[in-house]
Amino acid sequence: MKILYFHQHFSTPKGAAGIRSYEMARHLVALGHQVTMVCGSYRGGETGLSMPFAQGRRRGRVDGIDIVEFELAYSNSDGLFKRAMLFVKFAMRSVGLALTEPCDVVFATTTPLTAGIPGIFARWLRRKPFVFEVRDLWPELPKAMGVIRNPLVLGAMSLLEWASYRSAHRLIGLSPGIVEGIARRGVSRDRIALVPNGCDLRIFGQSSEPWRPAGVDESDLLAVFAGTHGMANGLEAVLNAAAELKRRERHDIKLMLIGQGKLKEALQQRAVREGLSNVIFHEPVDKARLAGLMARTDVGLQILANVPAFYYGTSPNKFFDYIAAGLPVLNNYPGWLADQIVENECGFAVSPDDPVAFADALERAASDRLALKAMGQRGRALAEREFDRTALAAKWTEWVIAASPQAADANQRLLREHERVETK
């Protein structure tokens with residue numbers, strides 16, 4: 001089986017970006033399938049290719065995955081127009097591969113929404129089975145955030161969303177709200193599967209090099225946010241809580257923001273201006289290094305801007321990394337993840353835009369380390385029970401391959417062979 005996989009922001013674990021696509025591709029390869037991953041160059045990501053680009057692209061094999069990387073450098077720090085142009089350029093170059101590359105199934109994952117364009121071409125011009133994975137609802141999210149207001153642009157995005165959904169034989173949503181959003185566009189529910197982000201239990205289950213940043217004592221409570229510093233992330237909430245903790249003279253509680261993004265510099269400037277020495281900024285690190293940090297962290301911070309569209313319409317990698325590492329999670333917005341935290345008693349769910357409640361939760365965490373540890377253990381149990389990446393990858397693979405009846409039959413043969421080898 002040959003799967004042509006489009007993900008503009010692909011990364012291996014050696015990068016500082018999410019590795020869902022890497023793990024899904026590796027699962028396919030382990031079953032005997034061939035995967036061609038088509039991607040761009042993502043700041044913070046790492047494709048594993050090091051040879052020079054030739055005519056705007058390079059190609060090689062990494063961990064069994066055939067990778068085609070376009071010379072299109074993307075960063076969350078770029079302006080909206082530059083990012084939009086990179087999205088369009090990636091889609092247009094990908095169309096060429098979608099029309100020529102040997103494949104049995106075409107798979108595309110957002111963001112951006114333009115990722116669906118090569119799948120649309122493959123479906124209608126080559127009659128290839130197309131599976132579309134939706135990580136965020138566009139244009140609903142940028143519209144709700146006020147990032148895009150032009151009605152013509154929003155209309156074009158809505159049309160592309162509709163065309164992608166209608167062209168796909170099958171779809172995958174990463175959260176309950178995303179699945180609902182796809183269904184609201186008239187897609188039959190029997191064509192949609194929920195496969196959320198998963199927990200890399202092996203990576204975060206153990207670390208040979210635990211570490212803390214300079215300036216954080218062993219007795220300090222360390223709360224970490226690991227992710228993009230952009231508009232959607234609402235990290236002003238962390239600095240607001242830091243200011244409240246400073247007012248209370250809780251110098252033993254440290255807040256660490258690790259990652260990069262468009263608003264990082266502004267956040268750093270505010271921290272300096274207000275003397276928030278309890279906030280530590282750090283550059284992105286790869287998954288192994290992040291696991292080492294998580295091993296010495298007390299609380300994981302799941303932070304987003306207070307936008308109702310986020311409540312059930314996102315599936316953040318960081319939440320799953322936190323619970324995989326056995327960390328209690330402090331979440332600052334309602335929705336399905338807050339529900340998971342409350343139902344499983346694995347952290348703190350506080351109201352949005354409430355620095356007092358945010359600081360109160362951190363003080364409670366600092367005052368009862370035994371209870372905090374028990375929360376983390378319950379979070380790890382949740383990770384193992386419901387969000388094990390290996391189990392989710394098996395569900396994902398079965399759904400993707402079944403888009404093609406011939407592919408599904410071949411997959412069953414490969415599964416039987418794989419099971420036979422495993423039992424030897």
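Just so you know, all these numbers are worked out from the coordinates, no wet-lab data involved. Here the structure is a predicted model, which means the values were calculated and not measured. Please note: Cβ atoms are built from the backbone with ideal geometry, for glycine as well, and neighbour counts cover all protein chains shown.
Sort Phe281, Phe10, Phe81, Phe310 by Cβ crowding within 10 Å, fewest neighbours at the top.
By the 10 Å Cβ count, ascending, the order reads Phe81, Phe281, Phe310, Phe10.
Go through Ala383, Ala243, Cys346 and say which Cα lies farthest out towards the positive end of the charge dipole of the stretch 201-386; charges sit on Cβ, +1 for Lys and Arg, -1 for Asp and Glu.
Of Ala383, Ala243, Cys346, it is Ala383.
Please check: in the Gaussian network model of the chain (C-alpha springs, under 10 Å), which one of Pro213, Pro151, Pro142 has the largest mean-square fluctuation.
Pro151
Hey, what do the phi angles of the stretch 393-402 turn into as Karplus ³J(HN,Hα) couplings, whole Hz, using 6.51/-1.76/1.60 and θ = phi - 60°, x for Gly and Pro?
Residue by residue, the stretch 393-402 yields 5, 5, 5, 4, 4, 4, 5, 5, 5, 5 Hz.
Just need the Rg to Rh number for the chain, please, alpha carbons only, Kirkwood Rh. All intermediate terms of the calculation are to be shown ahead of the outcome.
Details: Rg = 21.5 Å, Rh = 22.2 Å.
That ratio equals 0.97.
Given the -39500 (n - 2.57) contribution per DSSP H run of 4+ residues, what per-residue ellipticity at 222 nm results for the chain, rounded to the nearest 500 deg cm²/dmol?
It lands at -14000 deg cm²/dmol.
Would you give the gap between the C-alpha center of the stretch 308-338 and the C-alpha center of the stretch 205-230, rounded to a whole Å?
So the two Cα centres are separated by 18 Å.
Mind jotting down the distance between the C-alpha centroids of the stretch 244-275 and the stretch 21-100, whole Å?
34
What value does the stretch 193-245 have for Rg/Rh, both radii from Cα atoms and Rh as Kirkwood defines it?
So for the stretch 193-245, dividing Rg by the Kirkwood Rh gives 1.05.
Which ³J(HN,Hα) values in Hz, rounded to whole numbers, follow from the phi angles of the stretch 25-42 under the Karplus curve 6.51 cos²θ - 1.76 cosθ + 1.60, where θ = phi - 60° and Gly and Pro get x?
Once θ is set to phi - 60°, the couplings for the stretch 25-42 become 5, 5, 5, 4, 4, 4, 8, x, 7, 9, 10, 10, 9, 10, 8, x, 9, 10 Hz.
At a Cα cut-off below 30 Å, give the lysines reachable from Lys82, other chains included and same-chain residues fewer than 8 away excluded.
Lys14, Lys143, Lys262, Lys264, Lys287, Lys318
According to the square roots a ≥ b ≥ c of the eigenvalues of the Cα gyration tensor, what is the shape class of the stretch 272-414, taking rounded for a/c under 1.5, prolate for a/b larger than b/c otherwise, and oblate for the remainder?
Judged from the Cα gyration tensor, the stretch 272-414 comes out prolate (a/c at least 1.5, a/b above b/c).
Identify all lysines with a Cα-Cα distance to Lys128 below 19 Å; exclude those on the same chain that are fewer than 8 residues away in sequence.
Cα-Cα hits under 19 Å: Lys2.
Taking the chain as a Gaussian network, where each spring joins two C-alpha atoms under 10 Å apart, which residue of Glu343, Glu140, Glu46 fluctuates the most?
Checking each option, the largest mean-square fluctuation is seen for Glu343.
What fraction of the Cα pairs in the stretch 223-270, stated in percent, has a spacing above 15 angstrom?
Across the stretch 223-270, Cα pairs with separations above 15 Å total 42 percent.
In square nanometres and to one decimal, what's the mean projected area of the convex hull around the Cα atoms of the stretch 102-206?
For the stretch 102-206, the mean projected area of the Cα convex hull comes to 8.6 nm².
Within the chain, what percent of beta bridges assigned by DSSP are antiparallel, to the nearest 5?
Numbers: 7 of 52 bridges.
Antiparallel bridges: around 15 percent, rounded to the nearest 5.
Under a 5 Å amide H to amide H cut-off, with H placed in plane at 1.01 Å, what residues pair with Ile172 once short-range neighbours are removed?
Phe132, Glu133, Val134, Ala193
Tell me which residues come under 5 Å, amide H to amide H, from Lys2 once H is placed; ignore anything under 5 positions away on its chain.
Gln34, Asp104, Val105
In the stretch 67-125, if every C-alpha pair distance is counted and binned at 5 Å from zero, what percent goes to each bin?
4, 18, 29, 25, 14, 7, 3, 0
Arranged by the count of other C-beta atoms within 10 angstrom, fewest first, what order do Asp200, Asp66, Asp217 take?
With the sparsest Cβ surroundings first, the list reads Asp217, Asp66, Asp200.
By counting other Cβ atoms within 10 Å of each Cβ, how are Ile323, Ile258, Ile401, Ile178 ranked from fewest to most?
Values: Ile323 32, Ile258 21, Ile401 29, Ile178 26.
Fewest-to-most ranking of Ile323, Ile258, Ile401, Ile178: Ile258, Ile178, Ile401, Ile323.
From largest to smallest, what semi-axes in whole angstrom does the stretch 359-403 give when each is the square root of 5 times an eigenvalue of its alpha carbon gyration tensor?
Working: eigenvalues 269, 23, 4 Å².
Gyration-tensor ellipsoid for the stretch 359-403: 37, 11, 5 Å.
Over what distance in Å are the Cα centres of the stretch 354-375 and the stretch 143-166 separated?
40
Sticking to Cα atoms, compute the Rg of the stretch 160-211 to one decimal and its Dmax as the biggest Cα-Cα distance, whole number, in Å.
Taking only Cα atoms of the stretch 160-211, I get Rg and Dmax of 16.6, 50 Å.
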